[in-house]
């Protein structure tokens, strides 16, 4: 495993002792005297008219403080969204409910047990209506999800920015290619199934309205504390600065905590109404139907190429499931797929996804958010094409890559400028690490023995680290949140009078190790031990405003701001040190907690420099007191990390059981700040991609009931299910931020699902299997074998 | 995950526990709690009282009775799988216990609890069936013995009366030429998680042929159930691979195979046959 770091090697995650010893503080750990607890009454039907809601029995129970229905909360309006395309979610719904789990009423009681008992005692009459779950049926508008509105909310068509004439020309070009004598056309409809994000810490929110001061403290397990502060302010006619949101430790997010949720608004509402702190923590089964889900695409991918591996065109046409209501980014998620619709390739690409509603829980961002889906279709169909023409799948990919010579300045066929890339070098490194030709030989030897061993390869490029506000400005705004769409990084570095330092930063972690990474950047810049550096995040009172933690953006955007703020502090400290040491500023270097005159033993500690900074009469003339600096970083582009993954599997043909034998990841996220953290992000990302490939499936019945809504039936990958990953990296620094880093939080997920599927299909090639839809549970694999044999 | 209100007692003797059950017909017995507590938290089950037997002495042992071994009500899956006695005389059960749940569950959950819970896809009940186990049930009126074959009545329903506690699973010692084995496909693949389908088999080989066999199937029907068709076909055969495979074809004879998220009727039927063959072959191999 590589230990390359721009900042000097492997550092252990300093946040882990608290987290692994159960001493971390999460939202549900916050105890305030007099706290009331919430339970929701949720619809058991996917589509039904609520004919009556009788709350009298619940309200009369001992310990019940209030029971609210839509009549109490409709005046607040629906749930706000950054991309408000489609119907927005009512906070509570006493009209026509649109999915199982939709909140109908809210009970507030003295303890969570009474709240649940009372919620069970709320009597709701439902008149069930026909539900639509199937995407093709939804597209037909046969059953409208919202009366009088088409189920299709928007269609994303790419290349981005192409007008109708350009699109027509593109399609004609691909059609013409199909007519060539040497044309090979490979087409496959594939399902990229719905997934349920399952952070270890479920969502939790607590609101403490302080009437005497007309202000809120909100504690929430959220990825977007600033947006939540803005939202709460908007609902209750308050300014952002009257609302303090504290995201404490966040035990996993993966995008599902990147929404402002109706329950967060409702808990705040109840706290204001009742004059006491109010808390709600979702239960695991509740989460399955009330926290956003991810993926949910059905699409047909088509590659047109020559017999010698030149791809002449790629087309993707399909349908993406938005669920019943649009929340924060809902319809924008497939757009993120469009960003990387042509992957790392140079061939012409036509891309169209229809975003449709169904009577199911909302979909939104889930680790990778549109990019794993887009990469899946592309990498599966390129693999099928390679198989069809009998060419090494690595060779086909290499032949069609955007060349390293095209950087800087490369523009993807989808119309987006890319920062840096060297795909062939990365591919070669992966092949060498895996021992590609030996692997293929071993596979062939196993086949000769009648064993079904397969080798799968896939490569990817993804886009993350958002980003220039213009690039992500879809014409909507954060006005509803009282948050402008400034995707800036923001960081304040302050050296205290004793020479310790604090960095306040906009984005907070949900497991990504920010406590370590930011301390490394500051520590490296100031020559200060990381133990002397405190990191503050996730608190809107103490940390600068931020759009939040998502899209693998923290290091590339806020990390860059942190780096620049550190540089400003260092520059000022150098002036002070030079003054104290009677040396030239240029000769000052920082290391081991002190400033030193280069080549001498003359030095002054950070404590002495800082003490001086806070005694202005000791400072050089013209220098203001204090020792802190703020930096905003606005990147000129997103970052485009890439990589190559290889999987080796063996299939038991009698049972369809897939054994994942090896998994090799060769990722390139530019420069690496903290190798252990980067590897950890890749590990988790790959695990989630394998989870989709082999285990996870949000299965809805035709009536809209979620059949896999508990962890008994929603099978998550565990460490015990996975081999030890073999990871290494190539390093192609980004040129759009001073650290040269690219996002790595989602790359593992974006590269992995298709790698596993490619391997399983390879294993079953002797039987004639060409495709199996995920998840590759034994049942499906066995059926594919039977179908191929038939 | 908030259960309804319930009363809780933790008696120190079996007599007190049985008296509590007599006095409270809506009570449930708590041993490891690995199935009971989740069901209560999900409000699928809301007993008025929970009788915790965890503080009762003498229920936590695996004992050698001479011709049989007894597994007490508080013996955990981990203890069953690690027991030399169980490994020697009931290898199918030791294996089934080692594949039950995950390590945390195995350290808390009990063998007897798994029997009483009678999950359609559990591992250990079929091992008890194949081994010809006897279930010893205590009530304030005394104890009664129930053959494993009569114990698993319906979906998640055992023959235990509400006022009874399963105090013991008793397994006959394996005689010469007798051995057992268990094999399955778990929902996560391999042996992990509940069985999509699993088969336990006990066989006795004497004078070159199979003189006795008991085979049971889990995961495919509404309960853990004996596969008499396989056993009948095995007895008298030479135990060759061909004979075993022919017998295994009867794995779901007379069983109403049910579809679930993990398998169609056709797939589960097929898997039952695959694992019947694998389990019988493993048992024969161990029988020597």
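The values are calculated or read from the model by the stated rules, or taken from the named source; none is laboratory data. Keep in mind that this is a model prediction, so the values were computed, not measured. With ideal geometry, Cβ positions are generated from the backbone for all residues, glycine too; neighbour counts draw on all protein chains shown.
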Query - Single condition residue A:660 does not satisfy, out of (1) over 26 Å from residue A:463 (Cβ atoms); (2) within 12 Å of chain B (Cβ to nearest Cβ); (3) free of Cβ contacts under 8 Å to residues at least 40 places away in the same chain - result: (3)
Query raised in the report: Does residue B:42 count as in contact with a helix residue (DSSP H, G or I) (Cβ under 9 Å, 6 or more places away or on another chain), within 14 Å of another protein chain (Cβ to nearest Cβ) and farther than 15 Å from residue B:123 by Cα?
Result: yes
Query raised in the report: Can you tell me which of A:643, A:622 is more than 14 Å from every other protein chain (Cβ to nearest Cβ) and at pLDDT below 95?
Result: A:622
Query raised in the report: Mind checking which residues of region A:283-298 are in contact with a helix residue (DSSP H, G or I) (Cβ under 9 Å, 6 or more places away or on another chain) and either outside any loop (DSSP other than H, G, I, E, B) or crowded, with 23+ Cβ neighbours inside 10 Å (or both)?
Result: A:290, A:294, A:295, A:296, A:297, A:298
Query raised in the report: Do we have residue A:584 as surrounded by fewer than 18 Cβ atoms within 10 Å (Cβ to Cβ), at pLDDT 95 or above and in contact with a strand residue (DSSP E or B) (Cβ under 9 Å, 6 or more places away or on another chain) here?
Result: yes
**Report entry** Condition check for residue A:739: modelled with pLDDT of 95 or more, touching a strand residue (DSSP E or B) at 6+ places or on another chain (Cβ under 7 Å) and assigned by TED's automatic domain parsing to the domain that holds residue A:422
**Finding:** no
Query raised in the report: Among the residues of region A:118-133, how many are surrounded by fewer than 22 Cβ atoms within 10 Å (Cβ to Cβ) and touching a strand residue (DSSP E or B) at 6+ places or on another chain (Cβ under 9 Å)?
Result: 10
Query raised in the report: Is it the case that region A:347-367 has a residue that's in a loop (DSSP other than H, G, I, E, B) and surrounded by fewer than 24 Cβ atoms within 10 Å (Cβ to Cβ)?
Result: yes
Query raised in the report: Taking strands (runs of 3 or more DSSP E) that fall entirely within region B:1-115, which contain at least 2 residues that are out of contact with any strand residue (DSSP E or B) (no Cβ under 7 Å at 6 or more places or on another chain) and buried (at least 18 other Cβ atoms within 10 Å of the Cβ)?
Result: none
Query raised in the report: Which residues, counting only those in region A:323-343, are touching a strand residue (DSSP E or B) at 6+ places or on another chain (Cβ under 7 Å) and not in a helix (DSSP H, G or I)?
Result: A:323, A:324, A:325, A:326, A:330, A:331, A:340, A:341, A:342, A:343
Query raised in the report: Tell me, which residue of region A:194-221 that is free of Cβ contacts under 8 Å to residues at least 60 places away in the same chain and crowded, with 20+ Cβ neighbours inside 10 Å is farthest from the chain's Cα centre (by Cα)?
Result: A:216
Query raised in the report: Of all residues in region B:132-148, how many are part of a loop (DSSP other than H, G, I, E, B) and either in contact with a helix residue (DSSP H, G or I) (Cβ under 6 Å, 6 or more places away or on another chain) or not assigned by TED's automatic domain parsing to the domain that holds residue B:98 (or both)?
Result: 2
Query raised in the report: Do we find that residue A:726 is more than 20 Å from residue A:640 (Cβ to Cβ) and within 12 Å of chain B (Cβ to nearest Cβ) in this structure?
Result: no
Report task. Return yes or no: is residue B:253 over 18 Å from residue B:178 (Cα atoms) and surrounded by fewer than 24 Cβ atoms within 10 Å (Cβ to Cβ)? Result -> yes
Report summary line: The residue from A:320, A:301 that alone is more than 20 Å from the chain's Cα centre (by Cα), outside the structural domain of residue A:549 (by TED's automatic domain parsing) and either closer than 23 Å to residue A:547 by Cα or outside any helix (DSSP H, G or I) (or both) is A:301
Requested in this report: Might you check whether a residue that is more than 24 Å from residue A:407 (Cβ to Cβ), surrounded by fewer than 17 Cβ atoms within 10 Å (Cβ to Cβ), assigned by TED's automatic domain parsing to the domain that holds residue A:430 and in contact with a strand residue (DSSP E or B) (Cβ under 6 Å, 6 or more places away or on another chain) occurs anywhere in region A:639-661?
Outcome: yes
Query raised in the report: For residues in region A:676-712 being facing chain B (nearest Cβ under 10 Å) and surrounded by 18 or more Cβ atoms within 10 Å (Cβ to Cβ), which is nearest to residue B:121 (Cα to Cα)?
Result: A:708
Query raised in the report: Has region A:147-156 got at least one residue that is more than 15 Å from residue A:326 (Cα to Cα), modelled with pLDDT of 95 or more and within 14 Å of chain B (Cβ to nearest Cβ)?
Result: no
**Report entry** Enumeration of residues in region A:767-781 that are within 16 Å of residue A:652 (Cβ to Cβ) and out of contact with any helix residue (DSSP H, G or I) (no Cβ under 6 Å at 6 or more places or on another chain)
**Finding:** A:777, A:778, A:780, A:781
Query raised in the report: Any residue in region A:719-738 that is more than 23 Å from the chain's Cα centre (by Cα), part of a loop (DSSP other than H, G, I, E, B), farther than 24 Å from residue A:433 by Cα and without any contact (Cβ under 8 Å) to a residue 40 or more places away in the chain?
Result: no
Query raised in the report: For region A:763-790, how many residues meet the condition of being more than 14 Å from every other protein chain (Cβ to nearest Cβ), part of a loop (DSSP other than H, G, I, E, B) and more than 29 Å from the chain's Cα centre (by Cα)?
Result: 4
Query raised in the report: Any idea how many residues of region A:616-638 are within 29 Å of residue A:426 (Cα to Cα) and surrounded by fewer than 18 Cβ atoms within 10 Å (Cβ to Cβ)?
Result: 2
**Report entry** Single residue of A:577, A:571 found to be more than 30 Å from the chain's Cα centre (by Cα) and free of Cβ contacts under 8 Å to residues at least 24 places away in the same chain
**Finding:** A:571
Query raised in the report: Taking helices (runs of 4 or more DSSP H) that do not extend beyond region A:92-199, which have at least 2 residues that are touching a helix residue (DSSP H, G or I) at 6+ places or on another chain (Cβ under 6 Å)?
Result: A:112-121
